[in-house]
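> Take a look at this one; I'll ask things after.
The values are calculated or read from the model by the stated rules, or taken from the named source; none is laboratory data. Keep in mind that this is a model prediction, so the values were computed, not measured. Glycine also receives a Cβ, built like all others from the backbone with ideal geometry; neighbour counts cover every protein chain displayed. Note: areas computed on protein heavy atoms with side chains; ligands, DNA, RNA excluded. Shrake-Rupley method; radii C 1.70, N 1.55, O 1.52, S 1.80 Å.
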Amino acid sequence: MTGRIADLSEALAAIVGLQGLRTAEALASRDPGFHPLNLSAKLAALPRSTAEVAAVVALCRRHSVPIVPQGGRTGLAGGAASDPHSLILMTDRLDRIVEIDPLARIAVVEAGVTLARLEDAAAMHGLSAGIDLAARGSATIGGLIATNAGGMEAFRNGSMRSRLLGLEAVLPDGEVLDDMTRVPKCNEGYDVKQLFCGAEGTLGIVTRAVLRLSPADGSGTTLLAACRDAAAALDGFRRIEASPALALLRGEIMWRPYAAAVAEADGLARVLGFAEAPVYALYEVTPRDPAADPAEALIDVLAAPMQTGGILDAVVAASERERDEIWRVREDSFVIDRFLPHALWYDISVPLAGLDAYVAETARALAALDHALRFYVFGHLGDGNLHITIGDGQPADPGRAKAVDRIVYRGLKAAGGSISAEHGIGIDKRASLRDHTDPQKLRLMALIKRALDPKGLMNPGKML
């Protein structure tokens, strides 16, 4: 343990109690989560209240000790990475669901509540958090706010920024921002709370939030479509979305190399056995009329693109097991990391009209760079968010990684897309942010950071 951190142990214990401290030995036995550097610090504090968070932050400020906030450690960009000179502040014990108000359709929760727990609590009132992602069992509300998480329902419910009504956060000087608004209309000057949404803990630590809830969708019917291209998949998406008989809950897309690789690795090749296609689309729906048969309605809606060949074939999950197998192919993306080590990953947004051209041009450019590179793509069909993995199984030297970056990001900003759709910047995408973001935007971000955190102690080295 470094000197400054070691010197704080006694004072930290006086704030959070001995049970609220984790030493290097205890941290070494914990799962670091999705980034290997998450638990590189030698000490962690686990406060139980906003007051304790504020006291910890004030103490660290006095001693110039950096703080790294951590929730479920499910972030992929290194936003929770720590080092031996920093203190980890874990939100594990900030885990209370303060209130579910079914009339106003809001939830008041502490930052350490997991998405799955919020969903369970909201479901008891026929409501939903309105956001879903594969790491729902461990991802925390504070982390979802800090990264402005999107997920599979963003095309209809928005990202976390759209779900956030009110927020409480501890500022870098130890003071508490109390903006726990519970109403959607609040026009009181700058919407300061939104500064903390997507800031990855660099401006302060979210401790509580008021979230908008949505009516629960109930069980859905899933259809897997084999499509000629992404344009055909999007056509099916729009047809279902416009159908008076169906409500579209989710729409996902997988290019064949990704779908085939995951299905094969998980022993689920039968899921794709109904048709071989360049692109697969998943549509999950619920009937607007409870008496209607959603499977029949889906086939009716997609009859036209099936006749013209845009959709080559389709299968409706006939059981919960079949539904789970289809979604496992979509969600088990870490299979790619297991058989393709050292790969480069990307999380981008492409304007919908350009999906096919973007993937085709990227594939051509990668092949020209090196035929050994493998290229896997899946994503959220409704908003153009693509998740990409590229590699040949060997570590990429900096020059090769930079060349792949240039190919992946080429033309994105000019077309109105984004180099970071929902996983944030952290430490992994800082250089990409500098290279591809408007200089004036970067300047304003730096001004905000300096104004709120002049000592640079809040999650240092992340984003900027």
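> Going by what's in this entry, would ALA13 be described as over 24 Å from the mean Cα position of the chain (by Cα) and either under 21 Å from LEU177 (Cβ atoms) or open to solvent by 30 Å² or more (accessible area, probe 1.4 Å) (or both)?
So ALA13 fails the test.
> Mind checking which residues of the range 76-92 are assigned to a loop (DSSP other than H, G, I, E, B), out of contact with any Gly (no Cβ under 6 Å at 6 or more places or on another chain) and either of a type outside the set (Gly, Ala, Ser) or modelled with pLDDT under 95 (or both)? Even if it seems obvious, please write down each step before you answer.
As a first pass, look at the range 76-92 and keep what is assigned to a loop (DSSP other than H, G, I, E, B): 76-86, 91-92.
Pick out the ones that are also out of contact with any Gly (no Cβ under 6 Å at 6 or more places or on another chain) and you get 76, 80-86.
Hits for the range 76-92 are LEU76, ASP83, PRO84, HIS85.
> Of everything in the range 321-343 that's in contact with a strand residue (DSSP E or B) (Cβ under 9 Å, 6 or more places away or on another chain) and open to solvent by less than 40 Å² (accessible area, probe 1.4 Å), which residue is farthest from ALA263 (Cα to Cα)?
ALA343
> Among THR207, THR202, which is the only one that is open to solvent by less than 30 Å² (accessible area, probe 1.4 Å), farther than 25 Å from ALA303 by Cβ, outside any loop (DSSP other than H, G, I, E, B) and among the hydroxyl-bearing types (Ser, Thr, Tyr)? Break it down stepwise before answering.
Values: THR202 fails: outside any loop (DSSP other than H, G, I, E, B).
Every option except THR207 fails the conditions.
> Shifting gears a bit: Against the condition among the aliphatic types (A, V, I, L, M), buried (at least 18 other Cβ atoms within 10 Å of the Cβ) and modelled with pLDDT of 95 or more, how does MET180 come out, does it pass? Show your work before the answer.
Working: among the aliphatic types (A, V, I, L, M): yes; buried (at least 18 other Cβ atoms within 10 Å of the Cβ): no; modelled with pLDDT of 95 or more: yes.
No; evaluated as a whole, the condition is false for this residue.
> I've got another one for you. Could you list, in sequence order, all residues of the range 408-438 that are within 23 Å of LEU37 (Cα to Cα), among the charged types (D, E, K, R) and part of a loop (DSSP other than H, G, I, E, B)?
GLU422, ASP428, LYS429, listed by residue number.
> Filter the range 159-177 down to the residues that are open to solvent by 40 Å² or more (accessible area, probe 1.4 Å) and under 21 Å from the mean Cα position of the chain (by Cα) and list them by number.
Those that are open to solvent by 40 Å² or more (accessible area, probe 1.4 Å) and under 21 Å from the mean Cα position of the chain (by Cα): ARG161, SER162.
> Also, quick follow-up: Going through the range 50-75 one residue at a time, which ones are assigned to a loop (DSSP other than H, G, I, E, B) and free of Cβ contacts under 8 Å to residues at least 60 places away in the same chain? Step through it out loud before you land on a result.
The first filter runs over the range 50-75 and keeps only residues assigned to a loop (DSSP other than H, G, I, E, B), leaving 63-66, 71-75.
Result: HIS63, single match.
> Does HIS423 fit the bill of being in contact (Cβ under 8 Å) with a residue 12 or more places away in the chain, under 21 Å from ILE67 (Cα atoms) and open to solvent by 40 Å² or more (accessible area, probe 1.4 Å)? Talk me through it step by step, then tell me what you get.
Values: in contact (Cβ under 8 Å) with a residue 12 or more places away in the chain: yes; under 21 Å from ILE67 (Cα atoms): yes; open to solvent by 40 Å² or more (accessible area, probe 1.4 Å): yes.
In short, yes.
> For residues that are buried (at least 21 other Cβ atoms within 10 Å of the Cβ) and of a type in the set (S, T, N, Q), scanning just the range 57-87, find the one that is nearest to GLU10 (Cα to Cα).
SER86
> Write out, first by first residue and then by second, each pair whose Cβ atoms fall under 6 Å of each other, whose residues are 6+ apart or on separate chains, and whose first residue, in the range 174-187, is assigned to a loop (DSSP other than H, G, I, E, B) while the second is of a type in the set (Val, Ile, Thr).
Filtered contacts from the range 174-187: GLY174/VAL57; MET180/VAL210; ARG182/ILE106; ARG182/VAL210.
> In the range 210-232, which residues are in a strand (DSSP E or B) and open to solvent by less than 60 Å² (accessible area, probe 1.4 Å)?
Taking the range 210-232 first, the residues in a strand (DSSP E or B) are 210-212, 214-215, 221-227.
Scanning the range 210-232 gives VAL210, LEU211, SER214, THR221, THR222, LEU223, LEU224, ALA225, ALA226, CYS227.
> Okay, next question. Could you tell me whether any residue of the range 374-394 is surrounded by 16 or more Cβ atoms within 10 Å (Cβ to Cβ), in a helix (DSSP H, G or I), at pLDDT 95 or above and of a type outside the set (Gly, Ala, Ser)?
no
> Also, I was wondering about something else. Just one of VAL271, VAL285, VAL262 is at pLDDT 95 or above, open to solvent by less than 50 Å² (accessible area, probe 1.4 Å) and not in a helix (DSSP H, G or I); which is it?
Working: VAL271 fails: not in a helix (DSSP H, G or I); VAL262 fails: not in a helix (DSSP H, G or I).
Sole residue among the options that is at pLDDT 95 or above, open to solvent by less than 50 Å² (accessible area, probe 1.4 Å) and not in a helix (DSSP H, G or I): VAL285.
> Also, quick follow-up: Could you list, in sequence order, all residues of the range 93-131 that are open to solvent by 50 Å² or more (accessible area, probe 1.4 Å) and either in a loop (DSSP other than H, G, I, E, B) or touching an Asp or Glu at 6+ places or on another chain (Cβ under 6 Å) (or both)?
Result: ARG93, ASP95, ARG96, PRO102, LEU103, ALA104, ARG105, MET124, HIS125.
> Restricting attention to the range 248-255, does a residue exist that is open to solvent by less than 60 Å² (accessible area, probe 1.4 Å), outside any helix (DSSP H, G or I) and out of contact with any strand residue (DSSP E or B) (no Cβ under 9 Å at 6 or more places or on another chain)? Write out each step before concluding.
The initial filter retains those residues of the range 248-255 that are open to solvent by less than 60 Å² (accessible area, probe 1.4 Å), namely 248-255.
Next cut, outside any helix (DSSP H, G or I) only: 248-255.
Now restrict to residues that are out of contact with any strand residue (DSSP E or B) (no Cβ under 9 Å at 6 or more places or on another chain): none.
Checking the range 248-255: not a single residue is open to solvent by less than 60 Å² (accessible area, probe 1.4 Å), outside any helix (DSSP H, G or I) and out of contact with any strand residue (DSSP E or B) (no Cβ under 9 Å at 6 or more places or on another chain).
> What residue, of LYS449, LYS455, LYS441, LYS462, is among the charged types (D, E, K, R), assigned to a helix (DSSP H, G or I) and either on the phi > 0 side of the Ramachandran plot or surrounded by 12 or more Cβ atoms within 10 Å (Cβ to Cβ) (or both)? Outline the logic, then answer.
Working: LYS455 fails: assigned to a helix (DSSP H, G or I); LYS441 fails: either on the phi > 0 side of the Ramachandran plot or surrounded by 12 or more Cβ atoms within 10 Å (Cβ to Cβ) (or both); LYS462 fails: assigned to a helix (DSSP H, G or I).
Among LYS449, LYS455, LYS441, LYS462, only LYS449 is among the charged types (D, E, K, R), assigned to a helix (DSSP H, G or I) and either on the phi > 0 side of the Ramachandran plot or surrounded by 12 or more Cβ atoms within 10 Å (Cβ to Cβ) (or both).
> Looking at the range 19-56 only, could you name the residues that are over 26 Å from the mean Cα position of the chain (by Cα), β-branched (Val, Ile, Thr) and either on the phi > 0 side of the Ramachandran plot or open to solvent by less than 20 Å² (accessible area, probe 1.4 Å) (or both)?
The answer is VAL56, and nothing else.
> Another question, then. Anything in the range 300-320 that is in a loop (DSSP other than H, G, I, E, B), touching a residue at least 40 places away in the same chain (Cβ under 8 Å) and surrounded by fewer than 19 Cβ atoms within 10 Å (Cβ to Cβ)? List them, or say none.
Selection gives GLY309 alone.
> Here are the criteria: (1) open to solvent by less than 10 Å² (accessible area, probe 1.4 Å); (2) at pLDDT below 95. Tell me which single one ALA135 does not satisfy.
Exception for ALA135: condition (1).
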